[in-house]
Structures are given as C-alpha cells and as structure tokens.
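The values are calculated or read from the model by the stated rules, or taken from the named source; none is laboratory data. All values reported here derive from a predicted model rather than from experimental measurement. Counting neighbours? That spans all protein chains shown, and the Cβs are built from the backbone with ideal geometry, glycine included. Only protein heavy atoms, including side chains, enter the accessible area calculation; ligands, DNA and RNA are left aside. Shrake-Rupley method; radii C 1.70, N 1.55, O 1.52, S 1.80 Å.
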Amino acid sequence: MDIIQMLCPPEKYGIKCPYPMAPTRIVIHNTYNDASARNEIAYMIGNNNECSFHYAVDDQEVVQGIPENRNAWHAGDGNGPGNRQGIAIEICYSLSGGERFDVAERSGAQLAAMLLNKYGWGIDRLTKHQDYMDKYCPHRTLDRGWGRFVEMVQSYMSGNTPSDIVSAASSPIDNTGKVSAAYRVRTKEDGWLSEIWDDNDFGGVRGHKITDVAIGVTQGAIRYRVHVCGSDWLPWVTGYDINDDNNGYAGNGQEIDAIEVYYYSPAGMCPLRCAHYKVSPNLQSWYEEQIDDNTGDGMDGFSGKYGNTIDRFQMTVA
C-alpha cells in the first residue's frame, strides 16, 4: 500500500506528538466531515490544537502526518493507552457517506490490516475511538456494524479481498432517482416478504403478525427500532440487509407492536426531509401516520400501541 508522507515538522512535536511511543494497538476514527486526506493532515499540522492523528485515508490515497514512533492526541483518554500507545487512522468522507466513504473505509481496513501484520499483532489490537471515551466514533463505521469492519480487516490480513463484507450494510439499489425508502417485513408464516418502495404499497399480509423489519434509504441515513409485544424496545439499527442479524434489520423473530424511525437528511439538502410511516394492528385499520422530527432524540413518539401486534407497515421520506 503506497503511503504519502506529509509529516509534522519537529518544531511542532511539543503540541502534536510530544512523547516517544512504542505502539501496541490501532485506533479507528471517522472524520465527521468531507475533507480529503491531504486536507485533513494539512489542517491538523497547521493549527496549534492538541489534536493529532497518524494517518488519514480517503478514496484516493493514504496520507501520514505523525510518525508511528510518536504519540498523537486523538482518543480522548489523556495519557491513557489510546493516546499514548495507539496508531490513529482517520477515515475520511464520513459526514455524507456514499461511494467515496465506502472506498475510504475499505482503504482504512486495508491500512489497519497492513499495520497489524507489520507489528505481528492479532485482530484484538484493532480498537475504535469509542473504546477510550464516551464518543460515538467511528460513527458511520459503527452505524454499519463494527463486527463487519473487523471481518473486513481480518480478510485483508489473510490476503483476501472482502467484497462481500464491504457491501454488507449498504443502501438499497436506487431505482427511483430521488430520496426514497425501501423496506421489507418478515412474518412467521411468510418469512421475508418482497421489497416495497415508499408508499406505492405496504409491507405485510393481513392477519400475519410482523416479527422483523428492514429499512433502507437511497440518500441520507436511517435509524430505526421495534418494540416486542409484551417485552421491550430492541436496540437501534441503521443497516439494510436481511442477512445481517446484527445491524441489517430490527427484530428478533418475536411479534412486534410498535416501530420507531428517524431519517437523517444528507448535508446540504434543503428543505430537510423526514420519515413518514405507519402501522396497522392485526386485522384492523391503520393507525395515524407518524412523522419524525429529523433529530433522532427519541422524543417524538412511534407508530403502534403496546400490546397490539401489527400486520402491515408503510413508509416514505418527504
């Protein structure tokens, strides 16, 4: 893997990388903006903040800003093992995501694999920013499933190209040319039903209780969860892949009675759009449509009623 060096000048070591380091781990980050790797490194070196990282990776190249034998300030744990023992990799283009981020993430996984092999480390030395402080980073990689990323790195470590893993939590194939939602539901009687787009139809069969839901969007991002009848809310998921039981759909095979959805518009979209969705209780009429508030704060309600299982789901983005 070719690496471009734009190394921090020694006169700035006191701010950016003051301590010698014998690395023991890799720490993965997402940049949460849409700057290139060169711009990330140039900005990091050019300012006087105690914030630094070893590598930035985009869809074109890998750029190194700090030598691997110097510490960097990136993990938020002070003089803890993240900052003082971790080689930091920033994956670019994570704000808007899309194809550029997909390629950058793949390159980040390849770089991580190369470093793990270089130092003779196992996959247990691959860590994430979130492991060192209460921060949801690497945010987009976490959204798509940390286990998926770990598998990708392992595959590269073995000399394989993990094409099936790279696409595991991707958005639905866009057949509309606009912001659209695709979704599927599963029932015990029918298994996974066919994919539905927007409010052209609905997912479900009258009288067949829904157990699982998968939702994807062609632009922006989605976050959703389901409530198990007689139990509790299951964890939030963000992927769209019925073969990924970690982050590809919401549900655990039990009958559900409520669904909560948030849609996040991509950067620069105006006006902002929201998820419009509704469910129907088993063999009854639709509940009133639910509209999210585009914040994902869990405060604007859900569609459904505790104790009443559902048999239909419909959604669009508008």
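Could you say whether any residue in the range 49-59 is under 24 Å from GLY159 (Cβ atoms), crowded, with 17+ Cβ neighbours inside 10 Å, at pLDDT 95 or above and out of contact with any strand residue (DSSP E or B) (no Cβ under 7 Å at 6 or more places or on another chain)?
yes
Would you call TYR19 open to solvent by 60 Å² or more (accessible area, probe 1.4 Å), at pLDDT 95 or above and of a type in the set (Ser, Thr, Tyr)?
Judged against the criteria, TYR19 is a match.
Return yes or no: is TRP286 open to solvent by 30 Å² or more (accessible area, probe 1.4 Å), hydrophobic (A, V, I, L, M, F, W, C) and modelled with pLDDT of 95 or more? Before the answer, list the steps.
On the way: open to solvent by 30 Å² or more (accessible area, probe 1.4 Å): yes; hydrophobic (A, V, I, L, M, F, W, C): yes; modelled with pLDDT of 95 or more: yes.
Taking the combined requirement at face value, the residue satisfies it.
Looking only at the range 102-137, count how many residues are part of a helix (DSSP H, G or I) and open to solvent by less than 30 Å² (accessible area, probe 1.4 Å).
Residues flagged as part of a helix (DSSP H, G or I) and open to solvent by less than 30 Å² (accessible area, probe 1.4 Å) within the range 102-137 amount to 11.
Could you count how many residues in the range 211-234 are over 18 Å from GLY304 (Cβ atoms) and among the β-branched types (Val, Ile, Thr)?
Here the count works out to 2.
Pick from the range 4-16 the residues that are in contact with a helix residue (DSSP H, G or I) (Cβ under 8 Å, 6 or more places away or on another chain) and surrounded by fewer than 19 Cβ atoms within 10 Å (Cβ to Cβ): which of them is farthest from TRP73 (Cα to Cα)?
Out of the qualifying residues, it is ILE4.
Considering each residue of the range 17-52, count those that are over 23 Å from the mean Cα position of the chain (by Cα) and in a strand (DSSP E or B), and give that number.
Summing the residues that are over 23 Å from the mean Cα position of the chain (by Cα) and in a strand (DSSP E or B) in the range 17-52 gives 1.
From the residues in the range 22-48 that are without any contact (Cβ under 8 Å) to a residue 24 or more places away in the chain and open to solvent by 50 Å² or more (accessible area, probe 1.4 Å), which one is farthest from ASN69 (Cα to Cα)?
ASN39
Could you tell me which of the residues GLY14, GLY82 is farther than 30 Å from GLY239 by Cα and either assigned to a helix (DSSP H, G or I) or charged (D, E, K, R) (or both)?
One residue alone meets the criteria, GLY14.
Which one of the conditions (1) at pLDDT below 90; (2) surrounded by 13 or more Cβ atoms within 10 Å (Cβ to Cβ); (3) of a type in the set (D, E, K, R) does LYS178 fail to meet, given that it meets all the rest?
Of the numbered conditions (1) at pLDDT below 90; (2) surrounded by 13 or more Cβ atoms within 10 Å (Cβ to Cβ); (3) of a type in the set (D, E, K, R), the odd one out for LYS178 is (2).
Within the range 192-220, track down each residue that is under 16 Å from ASP244 (Cβ atoms), open to solvent by 10 Å² or more (accessible area, probe 1.4 Å) and in a strand (DSSP E or B).
TRP192
Can you name every residue in the range 24-74 that is over 13 Å from CYS92 (Cα atoms), of a type in the set (Asp, Glu) and touching a Phe, Trp or Tyr at 6+ places or on another chain (Cβ under 6 Å)?
Listed by number, the list holds a single entry, GLU50.
Can you tell me which residues in the range 233-282 are among the charged types (D, E, K, R), assigned to a strand (DSSP E or B) and closer than 15 Å to ARG312 by Cβ?
First, pick out the residues of the range 233-282 that are among the charged types (D, E, K, R): 241, 244-245, 255, 257, 260, 273, 278.
Narrowing further to those that are assigned to a strand (DSSP E or B): 257, 260, 278.
ASP257, LYS278 - these are the residues of the range 233-282 that are among the charged types (D, E, K, R), assigned to a strand (DSSP E or B) and closer than 15 Å to ARG312 by Cβ.
I'd like to verify a number: residues in the range 239-283 that are open to solvent by 40 Å² or more (accessible area, probe 1.4 Å) and under 22 Å from SER96 (Cβ atoms), how many?
7
Only one of (1) over 23 Å from the mean Cα position of the chain (by Cα); (2) assigned to a loop (DSSP other than H, G, I, E, B) is not met by HIS74, so which one is it?
Only one criterion in (1) over 23 Å from the mean Cα position of the chain (by Cα); (2) assigned to a loop (DSSP other than H, G, I, E, B) is unmet by HIS74, namely (1).
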